[in-house]
Amino acid sequence: MKTLILSAADRNTPVTAAKIIQAGGLVAIPTETVYGLGANAMDAEAVSKIFLAKGRPQDNPLIIHISCAEELNLYCHDIPEAAWLLASHFWPGPLTMVLPVRDCIPKQTTAGLNTVAVRCPKSEVTRALIREAGVPIAAPSANLSGKPSTTTAEHVLNDYGTDGKIDAIIDGGPCEVGVESTIVDLTGKKPRLLRPGGVTPEELTALLGELEVDRAVLGQISNDAVVRAPGMKYKHYAPSAEVYIISGSSEAAAAYIRRRFTDGDAVLCYKEELPLYEGCNPTAYGSIQDIRTLSSGLFAALRTLDRPEIKTIYARCPEGGGVAYAVGNRLKKAAAFRIVNAEAEE
Ligand code: TXA
Ligand code: MG
């Protein structure tokens with residue numbers, strides 16, 4: 001069986017894709033963050049196909065996608081005021097909330113937790129599909145487990161091919177945000193940031209008044225640790241090469257990298273820095289003048305650099321809050337938190 005490629009612009013796409021979802025199939029869906037690999041969140045068997053296709057550990061729960069905030073009541077209980085407040089500001093958009101789950105969501109979706117992560121994505125075609133299917137869609141990022149997330153339909157095809165490993169892909173073009181959604185856990189005493197994304201810590205704090213940052217966001221977590229977002233303990237988003245983040249000024253970093261650069265190495269930098277890396281196999285993932293270009297370009301660049309002949313990647317990483325906080329988090333994870341200050345090493 002072949003994988004169907006559906007265009008987001010085709011008005012029949014939501015109906016065609018909804019039939020596949022209702023029949024227990026897998027559909028890759030575009031969202032403003034990254035592409036997801038979707039199935040009916042209420043159908044345990046369909047959900048288990050996601051884990052199989054991705055090679056994802058069963059203890060890593062999925063996000064369910066809904067078409068509007070009101071649907072929260074159907075799948076969650078004891079919803080705090082803060083959730084409605086966040087929904088009214090950021091949905092549809094790149095924010096996921098963890099809330100107490102109702103029994104109608106099977107354990108396969110939540111990995112047996114008593115909470116569920118819920119998001120209302122911005123993509124019109126994906127919300128039309130959810131409405132048409134009449135069920136929430138469980139969808140992790142569509143990448144094969146351990147690969148960088150997919151931010152174009154082509155990335156999804158590269159991971160799964162067209163011979164029916166997944167039933168359909170909806171091509172909605174490149175993802176605007178490019179890193180996965182911000183996750184906030186609202187089940188504890190204080191709201192807690194489990195994963196930074198397009199909705200920034202500053203925006204959340206301004207609305208909620210307080211925000212704790214989970215330790216999984218801040219550093220490397222060992223594989224047997226108990227963490228709030230089970231997925232955070234896996235070494236995510238990593239290409240096969242070893243990644244080193246080289247901090248410091250453009251000039252100091254370039255001097256450091258050029259001294260060490262050998263065949264089989266590559267450089268991941270900002271567009272403005274390309275002239276500093278002639279002969280050093282540089283790839284730019286965006287402009288340091290506009291952090292949103294770095295977030296939308298990061299995973300595509302990591303995918304280009306994910307080639308067996310590349311052994312070491314020296315990467316430049318933005319610092320600070322806002323969206324840079326999310327970009328920095330993904331790059332640091334890809335680098336397993338190996339960070340070198342070029343200015344201290346001269
Ligand atoms: O932007 C996104 O969120 C994308 C698109 C497709 O919506 N999805 C995504 O899913 O990034 P995934 O599975 O790659 O990442 C979901 C993260 C994992 O780290 C998982 O452990 C965590 O959310 N998670 C899911 N359910 C949870 C829960 N009930 N409590 C805490 N963390 C949860
Ligand atoms: Mg993922």
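Of all residues in the stretch 58-78, those satisfying the criterion of being assigned to a loop (DSSP other than H, G, I, E, B) and touching a residue at least 24 places away in the same chain (Cβ under 8 Å) are 58, 59, 60, 61, 62, 66, 67, 68, 77. Across the stretch 65-76, a minimum of one residue is classified as crowded, with 24+ Cβ neighbours inside 10 Å and not aromatic (Phe, Trp, Tyr). In a residue-by-residue description of the stretch 195-204, the property of being aliphatic (A, V, I, L, M) and assigned to a helix (DSSP H, G or I) applies to at least one position. The residue that is farthest from residue 188 (Cα to Cα), counting only those in the stretch 113-145 that are part of a strand (DSSP E or B) and of a type in the set (Val, Ile, Thr), is 137.
Based on this model, can you work out whether residue 60 counts as within 20 Å of residue 34 (Cα to Cα), within 11 Å of ligand 1 (Cβ to nearest atom) and surrounded by fewer than 20 Cβ atoms within 10 Å (Cβ to Cβ)? So residue 60 fits the description; yes. Taken over the stretch 23-57, the criterion of being touching a residue at least 60 places away in the same chain (Cβ under 8 Å), out of contact with any Gly (no Cβ under 8 Å at 6 or more places or on another chain), more than 30 Å from residue 89 (Cβ to Cβ) and surrounded by 17 or more Cβ atoms within 10 Å (Cβ to Cβ) is satisfied by 25, 53, 54, 56. Among residues of the stretch 166-193 that are in contact (Cβ under 8 Å) with a residue 60 or more places away in the chain and under 17 Å from residue 90 (Cβ atoms), those with a beta-carbon under 8 Å from a residue that is among the small types (Gly, Ala, Ser) and surrounded by fewer than 20 Cβ atoms within 10 Å (Cβ to Cβ) at least six positions away or on a different chain give the pairs 186/82; 191/82.
Here, each number is a calculation from the coordinates, and none is a lab measurement. Keep in mind the model is a prediction, meaning the values are calculated, not measured. Cβ atoms come from the backbone with ideal geometry, glycine included; neighbour counts cover every protein chain shown.
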